[in-house]
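Asker: The following block contains the structure, expressed as structure tokens.
The values are calculated or read from the model by the stated rules, or taken from the named source; none is laboratory data. This is a predicted model, so every value here is computed, not measured. A quick note on method: Cβ atoms are made from the backbone with ideal geometry, for glycine too, and the neighbour counts reach across all protein chains shown. All accessible areas refer to the heavy atoms of the entire protein, side chains included, with ligands and DNA or RNA removed. Shrake-Rupley method; radii C 1.70, N 1.55, O 1.52, S 1.80 Å.
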Amino acid sequence: TGGNLNVAAYAHGAAGTQTAGLEFGGGPPDKATTEEYDGSSWTESGDLANARRDTCGTGTQTAALSISGQPSAPGVAATTATNEYDGSSWTAGGSLAAGAASYGGASATKGSQTASLYWGGYNPTPAPAGNRTTVSSYNGSSWTAQSAFPGFSSTGYGSGAGTETAALGMGGYI
């Protein structure tokens with residue numbers, strides 16, 4: 001077992017490894033906090049620009065992404081925001097297309113901010129509300145729509161692993 005987070009949260013984003021981890025966002029109430037893990041304890045770091053939960057995290061402790069998520073008011077459209085973390089602070093990255101933004105999407109990365117995938121999730125708007133089948137790739141500055149995985153059905157709150165060119169989507173809420 002390792003140390004406890006300084007600020008308890010659920011539905012938060014995460015990135016990194018067992019000895020260089022990163023945790024950010026979450027709720028309740030919605031949080032913008034960021035904490036870094038060194039293998040034994042958590043230390044607070046630079047906050048996200050906007051509080052949100054159900055954000056998707058990917059990358060490393062020094063080159064992470066916070067992708068989409070649910071802003072403070074429930075039932076509103078998922079944010080299209082992507083934020084990039086450099087090891088101490090967050091900056092704005094390229095925005096997702098409105099139809100790809102979601103609560104609880106999944107991701108895969110090549111270990112950096114310049115080769116990531118994001119897919120699935122749930123969005124209450126725009127109509128029709130529901131789980132998403134979209135897949136998008138990030139090149140470090142912008143998102144591009146990709147074709148869906150073979151056999152991929154709409155899922156929310158699934159998990160992802162792998163790299164941008166060899167990803168695995170697992171589980172989720174149908």
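Asker: Scan the range 147-164 for residues that are part of a strand (DSSP E or B), under 16 Å from Ser102 (Cα atoms) and hydroxyl-bearing (Ser, Thr, Tyr) and report the count. I'd like the intermediate steps shown before the answer.
Answerer: Narrowing the range 147-164 to residues part of a strand (DSSP E or B): 156, 159-163.
Within this subset, residues satisfying the condition of being under 16 Å from Ser102 (Cα atoms) are 156, 159-160.
Those still in the list that are hydroxyl-bearing (Ser, Thr, Tyr) too: 159.
Residues meeting the conditions: 1.
Asker: Further question: Name the one entry in Ala106, Ala81, Ala161 that is under 13 Å from the mean Cα position of the chain (by Cα), under 27 Å from Glu44 (Cβ atoms), open to solvent by 20 Å² or more (accessible area, probe 1.4 Å) and among the aliphatic types (A, V, I, L, M).
Answerer: Working: Ala106 fails: open to solvent by 20 Å² or more (accessible area, probe 1.4 Å); Ala161 fails: under 27 Å from Glu44 (Cβ atoms).
The match here is Ala81.
Asker: Moving on to the next point. With (1) free of Cβ contacts under 8 Å to residues at least 40 places away in the same chain; (2) of a type in the set (S, T, N, Q); (3) farther than 26 Å from Glu36 by Cβ; (4) assigned to a loop (DSSP other than H, G, I, E, B) as the list, and Thr144 as the residue in question, which single condition is left unmet?
Answerer: (4)
Asker: Specify which of the listed residues (Thr17, Thr58) is farther than 15 Å from Gly104 by Cβ and of a type in the set (Ser, Thr, Tyr).
Answerer: Within the list Thr17, Thr58, the selection yields Thr17.
Per-residue answers, yes or no, for (1) under 11 Å from the mean Cα position of the chain (by Cα); (2) within 22 Å of Ala167 (Cα to Cα); (3) crowded, with 21+ Cβ neighbours inside 10 Å:
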residue: Leu5; (1), (2), (3): no, no, no
residue: Thr17; (1), (2), (3): no, yes, no
residue: Pro28; (1), (2), (3): no, no, no
residue: Tyr37; (1), (2), (3): no, no, yes
residue: Gln61; (1), (2), (3): no, yes, no
residue: Ser68; (1), (2), (3): yes, yes, yes
residue: Ala92; (1), (2), (3): no, no, no
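Asker: Sticking with this structure for a sec: Within the range 109-125, which residues are part of a loop (DSSP other than H, G, I, E, B) and either among the β-branched types (Val, Ile, Thr) or buried (at least 21 other Cβ atoms within 10 Å of the Cβ) (or both)?
Answerer: If the condition is that a residue be part of a loop (DSSP other than H, G, I, E, B) and either among the β-branched types (Val, Ile, Thr) or buried (at least 21 other Cβ atoms within 10 Å of the Cβ) (or both), then Gln113, Thr114, Gly120, Gly121, Thr125 are the ones that fit.
Asker: Does Thr133 count as among the β-branched types (Val, Ile, Thr), under 20 Å from Ile174 (Cβ atoms) and free of Cβ contacts under 8 Å to residues at least 40 places away in the same chain?
Answerer: yes
Asker: Considering only the range 126-142, state which residues are at negative phi, modelled with pLDDT under 90 and open to solvent by less than 50 Å² (accessible area, probe 1.4 Å).
Answerer: Asn131, Arg132, Thr134
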